[in-house]
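**Q** Submitted below is the structure of interest, expressed as structure tokens.
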Amino acid sequence: MNGAPSWLGAALTGWFALSALVFGALLKITAPYGRHTAAGWGPRLDARLGWLVMEAPAVLTVHWSFAKGHPFEAPSAWLFLTLWLVHYSFRAFIQPFLWRGRPTPMPWVIVALGALFNGLNGSLVGHGLFVWRGPLGDGWLSDPRCVLGVLLFVAGLAVNVHADEVLRRLRGPNESGYKVPHGGLYRYISCPNYFGEIVEWWGFALCTWHPASLAFAVWTTANLAPRALGHHRWYRATFRDYPAGRRALVPGLF
Ligand code: NDP
């Protein structure tokens with residue numbers, strides 16, 4: 001293991017600061033894909049292909065980091081790699097092809113920005129966990145931070161996958177349009193898929209105990225909380241009978 005480079009602290013500080021700027025920007029401009037697609041964002045491509053191109057760099061960069069750091073003897077490294085790959089292999093290579101109907105085409109600019117983010121973030125997290133930090137001892141697997149983090153990750157993943165599955169079932173073959181989702185956490189919030197995703201990455205940050213993973217959890221929250229607010233407002237403006245007690249992202253709170 002090489003140890004952390006001297007520029008890492010400054011780079012992470014900048015990365016955290018950028019997430020705060022992006023959060024502020026996303027409160028004003030909802031990213032133009034899905035129901036928020038708007039004219040003027042340039043050429044678009046099929047959403048299935050868009051998600052594949054956007055998410056694949058997260059898989060590739062973490063594999064590259066793992067091969068470079070070769071922490072093959074460390075069970076904790078295999079655990080972190082497995083959690084990452086379970087999430088991102090599904091997101092990049094399986095989920096887009098499970099969608100029914102016709103998902104709204106995505107602007108290329110969103111795909112390019114998403115791919116850039118996933119490449120940078122995957123490299124930072126991968127190098128942080130597998131190259132720059134020495135392997136955590138075997139005792140880490142029974143450390144309460146690791147155990148609780150894995151539990152949160154798995155619970156968040158289950159909520160995310162279930163919520164996306166509910167959305168998938170709303171459309172028939174060749175259908176496009178939107179309907180009001182029901183069941184599971186949709187009883188309480190408009191965006192349980194985003195809620196689950198946020199819980200997942202805070203769990204990952206806890207179980208990996210590294211600032212690069214923490215930065216990713218912060219980024220995910222900064223990205224998805226404003227988008228959940230955008231979806232929630234859109235649902236309320238679009239469906240007159242939208243359940244009044246439903247919140248945007250956090251049951252009973254927000
Ligand atoms: P959305 O909830 O906006 O949409 C998910 C899919 O369901 C899309 O195919 C969408 O179609 C369809 N859909 C959504 N709502 C309805 C409805 N009411 N009726 C019918 N179909 C509907 O999620 P995103 O596309 O933003 O995200 C997809 C996944 O990626 C989520 O699990 C999310 O958590 C994750 N993600 C993670 C990010 C991160 O920072 N880690 C960032 C962004 C997403 P259409 O495309 O036509 O709107």
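Read-outs: derived from the displayed coordinates by stated rules, not from any lab. Please read all numbers here as calculations on a predicted model, not as lab measurements. Here the Cβ positions follow ideal geometry from the backbone for every residue, glycine too, while neighbour counts run over all protein chains shown.
**Q** Could you point to the residue in Ser65, Ala31, Thr13 farthest towards the positive end of the stretch 1-88's charge dipole, with +1 and -1 charges on the Cβ of Lys/Arg and Asp/Glu respectively?
**A** Of the options given, the answer is Ala31.
**Q** How would you rank Trp234, Trp219, going from fewest to most other Cβ atoms within 10 Å of each one's own Cβ?
**A** Trp234, Trp219
**Q** Along the charge dipole of the chain, which of Pro43, Met54, Ala205 sits closest to the positive end, that is, farthest toward it, with unit charges on the beta carbon of Lys, Arg, Asp and Glu (+1, +1, -1, -1)?
**A** About the Cα centre, the residue reaching furthest to the positive side is Pro43.
**Q** For the stretch 166-195, state which trypsin sites (Lys or Arg not before Pro) are in a DSSP loop and have at most 13 other beta carbons lying within 10 Å of their beta carbon.
**A** Arg169, Lys179
**Q** Which value, in debye to the nearest 20, gives the size of the charge dipole of the stretch 103-226 about its Cα centre, when Lys and Arg are +1 and Asp and Glu are -1 at the Cβ?
**A** Dipole about the Cα centre, nearest 20: 260 debye.
**Q** Out of the stretch 1-41, which chymotrypsin sites (Phe, Trp or Tyr not before Pro) are coil in DSSP terms and have no more than 15 other C-beta atoms within 10 Å?
**A** Within the stretch 1-41, the qualifying chymotrypsin sites (Phe, Trp or Tyr not before Pro) (loop, at most 15 other Cβ atoms within 10 Å) are Trp7, Trp41.
**Q** Would you kindly calculate the translational diffusion coefficient of the chain, applying Stokes-Einstein with the Kirkwood radius from alpha carbon pairs, for 37 °C and a viscosity of 0.692 mPa s, and quote it in µm² s⁻¹ without decimals?
**A** Translational diffusion coefficient: 171 µm²/s.
**Q** Moving on. Helix 211-238 against the longest principal axis of the chain: what's the angle in degrees, Cα atoms only, rounded to the nearest 10?
**A** On a 0 to 90 degree scale, this one is about 0.
**Q** Under a 10 Å cutoff between Cα atoms, tell me which one of Pro211, Pro144, Pro181 has the largest fluctuation in the Gaussian network model of the chain.
**A** Pro144
**Q** No solvent, one uniform scatterer per C-alpha: report log10 I(q)/I(0) for the stretch 132-254 via the Debye equation at q = 0.12, 0.16, 0.20 1/Å, two decimals.
**A** -0.52, -0.80, -1.08
**Q** For the stretch 122-174, I need the span (max minus min coordinate) of the C-alpha atoms along each principal axis, in Å, sorted largest to smallest.
**A** Over the stretch 122-174, Cα extents along the principal axes are 50, 26, 11 Å.
**Q** Among Thr61, Thr104, Thr208, rank each residue by its count of other Cβ atoms within 10 Å, from fewest to most, as a rough exposure measure.
**A** Listed from fewest to most nearby Cβ atoms, that is Thr104, Thr61, Thr208.
**Q** Right, here's the next one. Please report the Cα spread of the stretch 1-83 along all three principal axes, rounded to whole Å, starting with the longest.
**A** 51, 31, 19
**Q** Here's a follow-up. Ignoring solvent entirely, what values of log10 I(q)/I(0) come out of the Debye formula for the stretch 19-148 at 0.10, 0.12 Å⁻¹ when each Cα is a single scatterer?
**A** At q = 0.10, 0.12 Å⁻¹ the computed log10 ratios are -0.43, -0.59.
**Q** Cut-off 16 Å, label point 7 angstrom out along Cα-to-Cβ of Leu151: give me the residues of the stretch 203-229 whose amide nitrogen falls inside.
**A** Flagged as within label range: 203-208.
**Q** Compute the helix-to-body angle for 108-127: its Cα long axis versus the longest principal axis of the chain, expressed 0 to 90° and rounded to tens.
**A** Helix 108-127 and the main axis of the chain meet at about 30 degrees.
**Q** Right, next: To the nearest 20 Debye, how big is the dipole of the chain about its Cα centre, given +1 on the beta carbon of each Lys and Arg and -1 on that of each Asp and Glu?
**A** I would put it at about 1060 debye.
**Q** Can you find, among Leu136, Gly183, Gly126, the residue farthest towards the positive end of the dipole of the stretch 103-254? Put +1 on the C-beta of Lys and Arg, -1 on that of Asp and Glu.
**A** Gly183
**Q** For all pairs of alpha-carbon atoms in the stretch 45-113, what percent lies in each bin of width 10 Å, listed from the first bin to the last filled one?
**A** P(r) for the stretch 45-113, in whole percents per bin: 19, 41, 25, 12, 2.
**Q** Using a 10 Å cut-off around each Cβ, can you sort Cys146, Cys207 from fewest to most neighbouring Cβ atoms?
**A** So the ranking, lowest neighbour count to highest, is Cys146, Cys207.
**Q** So what's the convex hull volume per residue for the Cα atoms of the stretch 201-253, in Å³?
**A** Enclosed volume per residue, from the Cα hull, is 72 Å³.
**Q** Would you compute, from DSSP H runs of 4+ residues alone, the mean residue ellipticity of the chain at 222 nm, taking -39500 (n - 2.57) per run and dividing by the full residue count, rounded to the nearest 500?
**A** The helix-only estimate for the chain comes to -20500 deg cm²/dmol at 222 nm.
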